[in-house]
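Presented below is the structure to which this report refers.
Read-outs: derived from the displayed coordinates by stated rules, not from any lab. Just so it is clear, the model here is predicted, and its values are computed rather than measured. Here the Cβ positions follow ideal geometry from the backbone for every residue, glycine too, while neighbour counts run over all protein chains shown.
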Amino acid sequence: MNDRAIAGLVDRLKSIVGERGIVAAAEQEPFVVDWRGQYHGRAAAVVKPASTAEVSKVVALLAAERVAMVPQGGNTSLCGASVPDASGEQVVVNLSRMNRVRAIDPDNNTMTVEAGCVLASLQEEADRHDRLFPLSLGAQGSCEIGGNLSTNAGGTGVLRYGNTRELVLGLEVVLPDGQVWDGLRGLRKDNTGYDLKHLFVGAEGTLGIITAAVLKLFPKPRSHATALVAVEDPAAAVRLLSELRRSCGERITGYELMARVCIDLVAKHMPATQDPLAKRYAWYVLVELSDSAEGPALHALLESALEAAIGSGLVLDAALAASEAQRAALWKMREDVAEAQKLDGPSVKHDVSVPVSRVPELIEKASAELLARFPGIRIVAFGHVGDGNIHYNCGKPERQAAEAFFAESPQVNRIVYDVVQSLNGSISAEHGLGALKRDEIRRYKGALELEMMRAIKRTLDPHGLMNPGKVL
C-alpha cells in the first residue's frame, strides 16, 4: 500500500468516524508498541470508532478493500496480540472511545457494557450498585473489558469466580465482513444451539471484534480476611490450600503464591513497601477470604485455620491484615511484582498452568533443568496457585547479563514448555498466544485440534483479515 493509497483510505475512514476518530501518524506510537516494549509495529491507520455502527462500517470498508485489521483495547497484551505487524499495511481498530455502561440490572445481577470500558471503572460501577464484578488483575487501571474478553483474562479471583469466560452471559460482535451479531442476552439458561459467544472469548480478535458484553455481577462482599503466610515450599502451599478449603469452604477468594525474590524485587523498586513478617522465608502465600456477611467472624475463621496450620508445621509464620489499609498493602505487594520485574530488567516470562496438585512438580522440575542448563539464572515464580496458573519468569540478576540472557529465550521456553506438557498443562494460562506463542503452540497441540481451529477461522474470516499472524 503506497502513501497515496493510505491517504485515501484514511480519508474514507475519517468520513465514518470523524476527525476525533483518527489518530495522527505522529501520535500512533502508543498504539503500535506493546506494553512490554517487545513488539514494534507500523500501522496504515489507527481508527477509534465511537459506536458499534461505526465499527461495523469501518470493518465493512476494510473488508471490501482487503485490508487487515488489528482489534485493540487498552493495549496491555503480554503476547503481542494487540499491535500491528511491521508492514505498515494493517489498520488498528481501537475501541477505547466505546466506554459506556449501557445498562445495569441489579435484580438479574448483570451489567451491559461496551468493550472500551476500563476494567477498574466497571468494578467501581458495580460497587455503586452494591454489587461485585470480580475480575481483578494488575493492569485493571488501563486494560479494557473487550481485551479481557478477547484473551479470556484470569487474575486473582479465578479460584472463586472463574475466568472471564465464566463471567460473560452475552456478546455483541462485529464479524469480519462488518455484520453485527447481537448476542446481548442476560440469560443463565439458553439451550438453543451452539453457544457462539465462547468462540469469541479467548480468540484474541482473530474471529471478530467484541463491541459489547453482558457481564455477571455478584453480591458485594461485606467482610474480608487477608493474610500473608510463610510456607516451606510450593508443596506446603498446595497442602495448605486443601486444608483451608476444608475449614473455610467457598469463602476462599484469593490464593497467590510468591517466591521470596518477588518481595525483594518489589521492595527494591517500590521503596515504600514494608515486609509484613520479621523473618525472611523462601515462599509465601497471600490468602484472602470474603463473605457477604458483616462482622469479625471471617477474620476469626482465618486466624483459627492458620493457627492450626502453624501448630501442625504446615505454616511457618503469618501476618493477618488488621485494617483495610493493611489489606490493600498486602495486595499491592503482590500486584507490583510484574512491574518491579519489568523495572529490574528483561526476563523470559511464562504464563503456564498445570493441575493444582502438580504445581510443585512444575516449579521443581523446570528450575532444576534450567539451572543445569543456565547456571546463575534467577527464577521469579509467582501466581494463582489456587487455579494452577504460575507466572514462571527467568532472568539474570544483573541488567547487562539479563539482556544477553534474553537472547536464549527459545531454549528457555523449550525447557519450561516441555515440563508443562509432561504435566498435562498449558503453555498459556491467561495471557493468550498472540504473536509470541503462535508458533510454539504447534508443538503442544494436536494436529486435529489445530485444524479444527483453522476451520473455524476460515468459516468466519475466509480472507484472513482479522488480526492476522496471531494465535494461528
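Using r as the Cβ-Cβ distance of Ser15 and Ala278, and R0 as 60 Å, what FRET efficiency do you calculate, to the nearest 0.05?
It comes to 0.35.
What's the magnitude of the charge dipole for the chain around its Cα centre, counting Lys and Arg as +1 and Asp and Glu as -1 at the beta-carbon? Answer in Debye, nearest 20.
With Lys and Arg at +1 and Asp and Glu at -1, about 580 debye.
What does the chain give for Rg and for Dmax, in Å, if only its C-alpha atoms count?
When restricted to the Cα atoms of the chain, Rg and Dmax are 22.8, 75 Å.
Any idea what the alpha-carbon Rg over 2.2 N^0.38 Å comes to for the range 223-329? Working shown, then result.
On the way: Rg = 13.4 Å, N = 107, 2.2 N^0.38 = 13.0 Å.
So the Cα radius of gyration is 1.03 times the expected 2.2 N^0.38 Å.
Based on the Kirkwood radius over alpha-carbon pairs, what is the Stokes-Einstein translational diffusion coefficient of the range 367-472 at 4 °C with 1.567 mPa s viscosity, in µm²/s?
On the way: Rh = 15.8 Å.
The diffusion coefficient I find is 82 µm²/s.
Kirkwood hydrodynamic radius for the range 207-268: how many Å is it when counted over pairs of different Cα atoms?
Working: mean 1/r = 0.0651 Å⁻¹.
After inverting the pairwise mean of 1/r, the radius is 15.4 Å.
Let me check the size of the range 1-114 from its C-alpha atoms; what are the radius of gyration and Dmax in Å?
When restricted to Cα atoms, the range 1-114 yields Rg and Dmax of 15.2, 54 Å.
Which value, in Å³ per residue, describes the convex hull spanned by the Cα atoms of the range 10-52?
In the range 10-52, the Cα hull volume divided by residue count equals 83 Å³.
Using C-alpha positions alone, give me the convex hull volume of the range 125-245 per residue in cubic angstrom.
163 Å³
Using only alpha carbon pairs under 8 Å that are at least six residues apart, calculate the relative contact order of the range 308-407 and give it in whole percent. The partial results should precede the final answer.
Details: 99 pairs, mean separation 28.7, N = 100.
The normalised contact order for the range 308-407 reaches 29 percent.
Summing Lys, Arg as +1 and Asp, Glu as -1, what charge do residues with Cβ under 12 Å from the Cβ of Arg245 carry, Arg245 excluded?
Residues near Arg245 contribute +2 overall.
If each DSSP helix of 4+ residues adds -39,500 (n - 2.57) and the sum is divided by the residues in the chain, what number results at 222 nm, nearest 500 deg cm²/dmol?
Numbers: 17 runs with 171 residues, N = 472.
That calculation yields -10500 deg cm²/dmol at 222 nm.
Within straight cross-link reach of Lys57, meaning Cα distance under 22 Å, which lysines are found once same-chain residues fewer than 8 apart are removed?
List returned: Lys14, Lys48, Lys197, Lys457.
What is the projected area of the convex hull of the Cα atoms of the range 301-344, averaged over all directions, in nm²?
Computed as one quarter of the Cα hull surface, the answer is 4.2 nm².
Rg/Rh for the range 162-222: what does it come to with C-alpha atoms and Rh from Kirkwood?
Rg divided by Rh gives 1.01.
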